[in-house]
């Protein structure tokens with residue numbers, strides 16, 4: 001029997017539910033679930049993937065030879081010079097790209113040009129800031145075997161934000177914000193930054209000023225006070241985003257003191273490939289065969305143990321297509337990339353909802369090849385998905401977020417050791433970001449945690465604090481968060497949330513809370529990701 005066709009607006013990204021609408025698919029954790037939304041609900045879908053650049057290598061070479069507001073890269077290369085290339089880390093894109101990663105292609109073209117102009121004092125630094133160190137195999141997958149074999153580990157390595165001999169202070173902004181950066185980068189004749197822009201808050205001045213800094217420098221803006229003043233992290237306009245304002249001030253000082261050549265790229269939304277490519281499209285476009293494939297694969301997933309499901313999804317490589325390459329000075333390069341990025345991600349939306357429904361998948365920027373632990377569930381809900389908007393939030397003030405996630409009370413301790421203590425001890429004392437900041441210094445100076453950051457694959461000890469602070473905007477705006485599918489109800493409680501056994505139970509709780517028998521419900525149908533341009 002053919003599935004019903006839902007009612008859609010003139011905008012193919014917006015769909016309204018009527019009695020005959022087919023169920024929607026929510027991707028959460030390592031599984032999918034069909035959900036029947038109440039009549040009148042709205043579904044927001046991402047834009048279809050833009051067509052990728054036909055000849056990526058030619059586009060990279062063109063960008064290097066026609067940069068914005070600076071000389072071509074070849075004109076800045078000289079024999080005997082000291083060159084440092086900084087590279088975005090494994091946190092983007094999600095999931096990782098099919099080979100070759102766009103960063104590999106960019107690096108190959110840059111290194112080829114360096115060889116032509118006699119530049120051989122070259123170091124490549126993974127700009128991890130306070131993220132975990134990438135492993136050798138992860139670096140190889142990103143830059144390719146040839147570059148890896150030639151440069152790793154002596155001239156291709158992770159930034160170390162806690163190296164006492166590897167960080168230098170280049171000054172303070174006019175507003176008193178310290179800027180402390182990687183010593184090799186500061187002492188280079190030229191610093192080239194290779195960026196992959198997945199979300200609008202990445203790239204630009206954030207690349208060098210944050211990616212290559214230390215705790216003292218990043219704490220100038222990654223704090224509760226600053227994040228309280230952010231309207232949306234995905235809106236780069238400074239009057240909306242205090243975080244961006246301070247990072248831009250630091251980045252302006254970097255550009256004043258250092259010779260920086262930015263190479264920025266952005267990709268489309270083609271997250272799923274092969275047999276699962278239909279998941280890139282709205283359900284209304286699925287054939288009966290697509291539905292059969294979905295139900296068969298999902299039934300198989302539900303039968304697997306969680307560890308096996310996670311392993312299956314960690315093997316996924318997304319067939320993203322590169323849709324723009326720009327190079328040159330920081331600001332004009334970033335502006336051009338944002339222009340293309342918003343063409344891909346921005347979806348016009350009219351009106352807010354009383355209830356926002358979302359599903360969180362298995363991955364975030366902070367758990368690649370690891371478990372999405374409870375603190376990361378919190379930031380993805382209130383720090384990322386809530387903030388995927390410009391102008392106005394999708395949910396009304398004091399509205400309800402219903403999030404699907406199994407909420408496993410598990411941690412990958414090699415990656416997130418300080419998260420365990422933060423979750424069990426700090427959240428047991430306080431959930432107030434301003435109050436918990438008193439404990440930040442204790443974690444920041446913990447020698448065991450610092451050792452695991454510097455010599456293992458652990459996130460910096462203060463990282464869970466930043467993840468909690470990043471939830472500020474969503475936490476202050478939203479009246480209630482309800483989790484559906486939590487296998488450990490203690491997790492939502494520890495996060496200050498509520499849980500419901502079924503979606504119908506969650507909707508009933510939302511009706512009671514909003515005091516509306518028929519609250520307006522919107523499903524944010526992701527992944528792939530999008531940014532809602534909400535008009536009230």
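The values are calculated or read from the model by the stated rules, or taken from the named source; none is laboratory data. Computed from a predicted model, the values in this text were never measured in an experiment. Backbone-built Cβ (ideal geometry, glycine too); neighbour counts: all protein chains shown.
Yes/no matrix, rows are residues, columns are (1) more than 22 Å from the chain's Cα centre (by Cα); (2) assigned to a helix (DSSP H, G or I); (3) crowded, with 21+ Cβ neighbours inside 10 Å:
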residue: 413; (1), (2), (3): no, no, no
residue: 437; (1), (2), (3): yes, yes, no
residue: 443; (1), (2), (3): yes, yes, no
residue: 451; (1), (2), (3): yes, yes, no
residue: 457; (1), (2), (3): no, no, no
residue: 460; (1), (2), (3): no, no, yes
residue: 465; (1), (2), (3): no, yes, yes
residue: 474; (1), (2), (3): no, yes, yes
residue: 488; (1), (2), (3): yes, no, no
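For every residue, the table says whether it meets (1) in contact with a helix residue (DSSP H, G or I) (Cβ under 9 Å, 6 or more places away or on another chain); (2) surrounded by fewer than 21 Cβ atoms within 10 Å (Cβ to Cβ); (3) not in a strand (DSSP E or B).
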{"position": "327", "(1), (2), (3)": "yes, no, no"}
{"position": "331", "(1), (2), (3)": "yes, yes, yes"}
{"position": "335", "(1), (2), (3)": "no, yes, yes"}
{"position": "339", "(1), (2), (3)": "no, yes, yes"}
{"position": "349", "(1), (2), (3)": "no, no, no"}
{"position": "356", "(1), (2), (3)": "yes, no, no"}
Given the condition at pLDDT below 95, under 20 Å from residue 529 (Cα atoms), outside the structural domain of residue 203 (by TED's automatic domain parsing) and under 18 Å from the mean Cα position of the chain (by Cα), answer yes or no: does some residue in region 346-361 qualify?
yes
Output the residue which, of all residues in region 292-325 that are in contact with a helix residue (DSSP H, G or I) (Cβ under 7 Å, 6 or more places away or on another chain) and in contact (Cβ under 8 Å) with a residue 40 or more places away in the chain, is farthest from residue 98 (Cα to Cα).
301
Report whether or not residue 114 is crowded, with 18+ Cβ neighbours inside 10 Å and closer than 15 Å to residue 247 by Cβ.
no
Quick check: anything in region 11-24 under 18 Å from residue 113 (Cβ atoms) and either assigned to a loop (DSSP other than H, G, I, E, B) or touching a residue at least 60 places away in the same chain (Cβ under 8 Å) (or both)?
no
Just checking, how many residues over region 502-536 are in a loop (DSSP other than H, G, I, E, B), in contact (Cβ under 8 Å) with a residue 12 or more places away in the chain and either on the phi > 0 side of the Ramachandran plot or over 25 Å from the mean Cα position of the chain (by Cα) (or both)?
6
Helices (runs of 4 or more DSSP H) within region 92-205 that include 3 or more residues closer than 18 Å to residue 64 by Cβ, touching a strand residue (DSSP E or B) at 6+ places or on another chain (Cβ under 9 Å) and not assigned by TED's automatic domain parsing to the domain that holds residue 462:
102-116
Of all residues making up region 250-291, the number that are part of a helix (DSSP H, G or I), surrounded by fewer than 22 Cβ atoms within 10 Å (Cβ to Cβ), at pLDDT 95 or above and under 24 Å from the mean Cα position of the chain (by Cα)
1
Residue 419 being in a loop (DSSP other than H, G, I, E, B), under 21 Å from the mean Cα position of the chain (by Cα) and surrounded by 23 or more Cβ atoms within 10 Å (Cβ to Cβ)
no
